[in-house]
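Read the structure below first, then the notes.
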Amino acid sequence: MENQILVSLVKKYGSPLYVYDAKKITTQYNRITKAFSTVKNLKLNYAVKANSNINILKLFRKLNSGIDTVSIQEVQLGIKAGFSPKNI
């Protein structure tokens, strides 16, 4: 992400500010799936405890990822993000 964009976002929303790059996340996810493409029935699961931002979870759902949860709250968040129970 370009510095000008980040500076603009800080001016608009203040600091501290968390900024996520969906394009970068998608690129990295695709790199991992490609690296393990020879593994039959591979299913990547994103650990919700790493970042429970619902928009990040929705992005992983669109990428056909599953999610790894450790609490009922994370399960509920996954369902809210559109994951089917079989992918949780």
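Scoring 57-69, 31-43 by mean Cβ neighbours within 10 Å over their residues and listing the highest first yields 57-69, 31-43. In the chain, helical runs assigned H by DSSP with n ≥ 4 each contribute -39500 (n - 2.57); averaged across all residues and rounded to the nearest 500, the mean residue ellipticity at 222 nm is -14500 deg cm²/dmol.
For region 3-87, relative contact order (Cα pairs under 8 Å, six or more residues apart, normalised by length) works out to 24 percent.
Placing +1 on the Cβ of every Lys and Arg and -1 on the Cβ of every Asp and Glu, with nothing else charged, gives the chain a dipole about its Cα centre of roughly 260 debye. Okay, which of region 12-33 sit inside 18 Å, backbone N to the point 7 Å along the Cα-Cβ direction of L63? It comes to 19-33, nothing else. Working note: Cα gyration tensor of the chain, eigenvalues times five, square-rooted, sorted largest first, giving semi-axes of 27, 19, 9 Å.
In the chain, the longest principal axis of the Cα atoms and the axis of helix 22-35 are about 30 degrees apart.
So how tilted is helix 3-13 from the main axis of the chain? Cα-based, degrees 0 to 90, rounded to 10. The angle comes out at about 80 degrees.
So, R0 is 41 Å and r is the distance between the beta-carbons of F36 and L9; what FRET efficiency does that work out to, to 0.05?
Computed FRET efficiency for F36 and L9 comes out at 0.75.
Length gained on full extension, N53 to T27, computed as 0.36 nm times the residue gap minus the Cα-Cα distance: 7.5 nm.
Quick note: the coordinates plus some simple rules give every number you see, no bench work behind them. Quick caveat, the model's predicted, so the values are computed rather than measured. All Cβ positions, glycine included, derive from the backbone under ideal geometry; neighbour counts span all protein chains shown.
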